[in-house]
Amino acid sequence: MKIGITCYPTYGGSGVVATELGKALAERGHSVHFISYAIPMRLSGFMGNIMFHEVEVSNYPLFDFPLYTLALASKMVEVAQYEKLDLFHCHYAIPHATSAYLARQMLATPNTKVITTLHGTDITLVGLEPSFLPVMKFSIEQSDGVTAVSRFLKEKTLTNYGIVKEIEVIPNFVDTTKYQRTPCDDVTRHFAPHGEKIVVHTSNFRKVKRVEDAIHIFNEVRKKIPGTLLLVGDGPERSQCEMLSRELGIHEHVRFLGKQTDIIHILAAADLFLMPSQSESFGLSALEAMACEVPVVSSSVGGLPELQVHGQTGYIAEIGDIDRMARYAIELLSNPSKHRLFAKAARERALEFEASKIVTQYERYYEKILARSAVPAS
Ligand code: GMT
């Protein structure tokens, strides 16, 4: 198949899923064309059947706001025509599904199908704003196929937008041959030279991630168990978090690592992963941690209970219940035999989301959508 993938190229779950999917599809012999404003973060190295098409946005002085949606639509038309794309696969609905709709309308023979994958805040947060809701509902309804990364997200889409449409749930995935526990002496030596426990949180530091809760939880843990908190990623809440760790007097034990491209080595040395989010449609970073045998303490929101098995792969608690999450963290970190059981169960659970299996689900879904009546060329 000839597949056009559009995603955000930045540090975020939807871009990661899109890029890993594109790479896996290319390995299976499909031609994959990434269309975005920058090269996706995880797209490094050369692969013969992956191409990147950069969307350039005019900065004409009359435009107070960059017209990315339109520039993207034009680029999609160009790529579809020149490369004879079978489908556009848009990750994160805003504005990609809208650009794809426009592109399909503009194509002389609109046989290029549009598939939209809903990831999270496109549905649960930003898409609900009055300035976006009508266009979101329209663009999702007009897509030839729609997938959501959890049952939770599918239900939210149907109820919040009043959409009557078949939505296929295809969960996030992880390459468990790459994400696995291997000795990471460098990380351990550097961050836990005296056998401290390594607690990890990764995110884009937006409010919705409640990174401050992770710091408060760690603060409670530190009162009982020597440890280091590694915060991976960057975003609007980072300064506030740095300030909090200083106010709590634990800044020497809280390490802000910024955006890391290779997270595997950090996860593979971790003892616990924290995800206290306000909203989480799936929780890809928790899955990646679980693949590395790291138990997870998380909030009970969104799609997280579809991933985490409470009392087996980790623990879940109400949003903002720092005390409970801290108790769970201390319980796991202070009981080696329990920790070992949870670590194994986390890995077992992650194997259910093995990349090869989920990529096949996407392939089958593409085939199903392509098999639906194509518009005949005139
Ligand atoms: O907020 C993020 O974590 C980024 C966001 C995105 O769209 O880039 O992530 C969403 O998509 C991921 C991949 O499908 C999911 O695993 C995350 O749970 C989801 N984030 C939220 O729902 C907040």
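Data for the structure
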item: Sequence-distant aspartates and glutamates (8 or more away, or on other chains) whose Cα lies within less than 14 Å of Lys178; result: Glu20, Asp262, Glu288, Glu293, Glu354
item: Size descriptor, Kirkwood hydrodynamic radius, that averages inverse alpha-carbon separations across the chain, Å; result: 21.6
item: MRE, 222 nm, helices only [DSSP H, n ≥ 4, -39500 (n - 2.57), over the chain, to nearest 500]; result: -12500 deg cm²/dmol
item: Efficiency of FRET between Arg364 and Thr177 - r from beta-carbon atoms, R0 22 angstrom, step 0.05; result: 0.50
item: Pairwise Cα inverse-distance average, inverted: Kirkwood Rh of region 64-190 (Å); result: 16.2
item: Antiparallel bridge percentage (DSSP; both residues within the chain; nearest 5); result: 0
item: Ranked Met290, Met243, Met275, Met136, criterion: other C-beta atoms within 10 Å, fewest first; result: Met243, Met136, Met275, Met290
item: Two-site label geometry, Leu107 and Tyr60: point separation in nm, points 7 Å out along Cα→Cβ; result: 2.6
item: Sites matching chymotrypsin sites (Phe, Trp or Tyr not before Pro) across region 93-153 that sit in DSSP coil, with at most 10 neighbouring C-beta atoms within 10 Å; result: none
item: Pairwise label distance in nanometres, Glu83 with Leu67, each label 7 Å out on the Cα-Cβ vector; result: 2.4
item: Region 151-245: trypsin sites (Lys or Arg not before Pro) in DSSP coil with no more than 10 other Cβ atoms inside 10 Å; result: Lys223
item: Low-density loop positions, trypsin sites (Lys or Arg not before Pro), region 1-88 - DSSP coil, at most 15 other Cβ in 10 Å; result: Arg28, Lys84
item: Most to least packed among 225-234, 327-336, 250-259 [average Cβ atoms within 10 Å]; result: 225-234, 327-336, 250-259
item: Descending Cα extents along the principal axes, region 185-351, whole Å; result: 36, 34, 32
item: Region 198-214 residues near the modelled Ser239 label - backbone nitrogen below 16 Å, point 7 Å along Cα→Cβ; result: 205-207
item: Extension reserve of the Arg246-His194 stretch, reckoned as 0.36 nm per residue once the Cα distance is removed; result: 16.5 nm
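Just so you know, all these numbers are worked out from the coordinates, no wet-lab data involved. As the structure is a computational prediction, the values presented were derived from the model and not from experiment. Reconstructed Cβ throughout: ideal geometry from the backbone, glycine too, with neighbour counts over all protein chains shown.
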